[in-house]
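Below is one structure, written out as structure tokens; comments come after it.
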Amino acid sequence: MGGNSVLCGGCWLVDKPKVVDHWPDEETVAVILEETIQGGGPGMNLAVNLRRLGGTFPLAGIGVVGNDAEGHYILDRCRAYDIDASRIAIQEKAQTSYTDVLTNKINGKRTFFHSQGANALLTPESFANYPSDVRLFHLGAPGIHDGMDVPWGDDANGWVYVLRKAKAAGLRTNMELISLQPKRLRELARPCLPYLDTMVINDLEVGALAGEVTASHGETDVEAVKRAAYKVLDLGVRDLVAVHFPRGCVVAVKGEVPIVHPSTKVPKEAILCSVGAGDAFASGFIFGLLEGLSMTETIRLGHAAAGECLCSLSTNEAIGTAAECLAQADAWGWRETI
């Protein structure tokens, strides 16, 4: 199977980002300074970001939403971005999944309160067939889909089943993770690795997968990230593992030395919220791969897209075209080292 379309499956939800003046103790009050509503989730964020970066290839989604205001918001955004939503099922008796994302204004740290809602009804049966023109199948994220997180037939979970079938159909595959407790992430995601061509994840996620401590007290251990990335390749990922973190990125490719690239220097005063920044990096990186850019150009575009996302409350509607993102990153300048 070959083609030029990108199929984004799994989590389609509504993010409700809020910036609060501080993180309160229990039974005390924090003040909401800013808030918005955005489409979110691994499937939606990648699809929208690829279009905003300038992708002209077909985009389609697979997921589940409720027949409510949030579900219709997601479908409206799909229409606005020319994303085929014909395989996003509408459930009459389930609420669209959403996440309240609270960002502490003082330190920028985020806390997530997630309502699984309709996403609990996503199962491998939702992925019965694949369009004939799919070039890349992007899937995520294990840990917040009850119908996918359990064993399916002889497979460890529904994610494994879906990815195995996708590889049998000739699709290239990429999977996104969320930062679960390390043991739970390993249980769900490790069995998926042999059916993945690429992974674009963060430093904590690669550490959890590999059983390595890759960050401590908010600081990334780059050497540990390198070890973890190659261990994930050894565990089954076929081509490459890209790991992003605030100071930069490590890309591990089978049979090659690691590529390390610093991030762009986003001014501290310009940073508003980091919600969606990881997905923005992944989107820029995947866009670069799809467009045949060099690895250095691909990494730079990932960092540039993430940088623009940091300056907005939006999870997937803050970035411009690839050229615009790179121009802004160049204007900010790039870190000399990680």
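The values are calculated or read from the model by the stated rules, or taken from the named source; none is laboratory data. Everything numeric here is computed off the predicted structure, so don't read it as measured data. Heads up, the Cβs are rebuilt from the backbone with ideal geometry, glycines too, and the neighbour counts pull from every protein chain shown.
Restricting attention to the range 18-43 and to residues that are part of a loop (DSSP other than H, G, I, E, B) and of a type in the set (Val, Ile, Thr), the residue that is nearest to residue 131 (Cα to Cα) turns out to be 37. Here residue 6 meets each of (1) within 20 Å of the chain's Cα centre (by Cα); (2) closer than 19 Å to residue 315 by Cα with one exception, condition (2).
In the range 16-34, the residue that is surrounded by the fewest Cβ atoms within 10 Å (Cβ to Cβ) out of those that are in contact with a Leu (Cβ under 9 Å, 6 or more places away or on another chain) and more than 16 Å from residue 275 (Cβ to Cβ) is 21. Does the range 164-210 hold any residues that are within 19 Å of residue 147 (Cα to Cα) and in a strand (DSSP E or B), and which are they? Matches in the range 164-210: 175 only.
Among the residues examined, residue 269 qualifies as at pLDDT below 95 and in a helix (DSSP H, G or I).
Looking only at residues of the range 231-266 that are of a type outside the set (Val, Ile, Thr) and part of a helix (DSSP H, G or I), we find that the one that is farthest from residue 34 (Cα to Cα) is 234.
Scanning the range 106-157 for residues that are farther than 30 Å from residue 31 by Cβ and β-branched (Val, Ile, Thr) turns up 123, 134, 150. With respect to the stated conditions, residue 228 fails to be modelled with pLDDT of 95 or more, out of contact with any helix residue (DSSP H, G or I) (no Cβ under 9 Å at 6 or more places or on another chain) and assigned to a helix (DSSP H, G or I). Out of 147, 143, one residue alone is in a loop (DSSP other than H, G, I, E, B), surrounded by fewer than 20 Cβ atoms within 10 Å (Cβ to Cβ) and not aromatic (Phe, Trp, Tyr). It is 147.
Restricting attention to the range 37-91, the residues being surrounded by 17 or more Cβ atoms within 10 Å (Cβ to Cβ), of a type in the set (Val, Ile, Thr) and at pLDDT below 95 number 0. Regarding the range 172-183, can at least one residue be identified that is among the basic types (Lys, Arg), surrounded by fewer than 22 Cβ atoms within 10 Å (Cβ to Cβ), under 26 Å from residue 4 (Cα atoms) and at pLDDT 95 or above? Taking every residue of the range 172-183 in turn, at least one turns out to be among the basic types (Lys, Arg), surrounded by fewer than 22 Cβ atoms within 10 Å (Cβ to Cβ), under 26 Å from residue 4 (Cα atoms) and at pLDDT 95 or above. Mind checking whether some residue in the range 306-313 is buried (at least 24 other Cβ atoms within 10 Å of the Cβ) and in a strand (DSSP E or B)? Within the range 306-313, none of the residues are buried (at least 24 other Cβ atoms within 10 Å of the Cβ) and in a strand (DSSP E or B). For residue 13, the conditions (1) among the aliphatic types (A, V, I, L, M); (2) more than 27 Å from residue 326 (Cα to Cα); (3) surrounded by fewer than 21 Cβ atoms within 10 Å (Cβ to Cβ) are fulfilled apart from (3).
For the range 211-225, enumerate the residues that are in a strand (DSSP E or B) and closer than 16 Å to residue 258 by Cβ. 220 - this is the single residue of the range 211-225 that is in a strand (DSSP E or B) and closer than 16 Å to residue 258 by Cβ. Checking the range 192-202 against the condition returns no match, with no residue being farther than 21 Å from residue 9 by Cβ and either crowded, with 24+ Cβ neighbours inside 10 Å or touching a Leu at 6+ places or on another chain (Cβ under 7 Å) (or both).
Here is the figure for the range 87-125: residues that are of a type in the set (S, T, N, Q), part of a strand (DSSP E or B) and within 19 Å of the chain's Cα centre (by Cα) total 4.
In summary, residue 252 fulfils each of the numbered conditions (1) surrounded by fewer than 24 Cβ atoms within 10 Å (Cβ to Cβ); (2) over 17 Å from the mean Cα position of the chain (by Cα); (3) farther than 22 Å from residue 313 by Cβ with the single exception of condition (1).
Exactly one residue out of 46, 136 is of a type outside the set (Ser, Thr, Tyr), under 28 Å from residue 199 (Cβ atoms), part of a helix (DSSP H, G or I) and within 17 Å of the chain's Cα centre (by Cα), and it is 46. Scan the range 63-86 for residues that are part of a strand (DSSP E or B), over 20 Å from residue 100 (Cβ atoms) and either touching a Ser or Thr at 6+ places or on another chain (Cβ under 6 Å) or of a type in the set (S, T, N, Q) (or both) and the total you get is 1.
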